[in-house]
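Structure first, then comments.
Quick note: the coordinates plus some simple rules give every number you see, no bench work behind them. Everything numeric here is computed off the predicted structure, so don't read it as measured data. Reconstructed Cβ throughout: ideal geometry from the backbone, glycine too, with neighbour counts over all protein chains shown.
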Amino acid sequence: MGTPFHEIKTVPAVKAIGCRVDVSLWDVDTAFSRLYDKALEHKLMFREPGLGIRREGLRMPDAFHADYEVLFPLAGDPPEPAVPGTEIVELPEQEVASFFHRGPYDWISCTYEKVLDWLRENRYEVAGEAREVFFVAPEPHSGGSQDDMLTEIQVPVRKAA
């Protein structure tokens, strides 16, 4: 299997509703479900796919604990009053290296290993926190299997000096 590298691209700034959690690789979908329910309950206009941000710098994900933020991009203005237990996050426009992980989310560490190798070999430095975009999420009720999952890893980069 080759590199998961896809392209270098600019992602637009986005305003999102988020919830910061300490999760294992197996609990990310539960965290998304909770945020989704909260957003619906408060009649928020949001868009999918959901985003995740690793708040601990780029390294091999720890399977059992991640300081992680689950987010849904807002389609309208932020809610007034604020939704309890959530925050509004403004993500800046960034130049990112884009990588694709196909298959079960709990194998994403293998993809991160290749991402880190690729960045080193191509002389890129990490310039921010990695975002994960859940194009095909592991929702049990969707009837999809873990093998159908598609996650894009976006790593903010700059060329190493």
Between H6 and residues 5 or more places away or on another chain, the pairs with built amide H atoms under 5 Å apart involve S98, F99, F100
Between the modelled labels at H65 and S109 (7 Å from Cα along Cα→Cβ) the distance in nm is 1.5
Computed over the chain: longest principal axis from alpha-carbon atoms vs helix 108-121 long axis, angle to nearest 10 degrees, is 50
Sorted by chain and then number, the residues having a modelled amide H within less than 5 Å of the amide H of F46, at least 5 places away or on another chain, are A75
Tilt, helix 28-41 to longest principal axis of the chain (alpha-carbon atoms), in degrees rounded to tens, equals 30
Taking N as the number of residues in the chain, the ratio of its alpha carbon radius of gyration to 2.2 N^0.38 Å works out to 1.03
Amide H proximity to M149 below 5 Å, modelled H, separation 5+ or other chain, gives G103
To the nearest 20 debye, the chain has a Cα-centred charge dipole, built from +1 on Lys and Arg Cβ and -1 on Asp and Glu Cβ, of 400
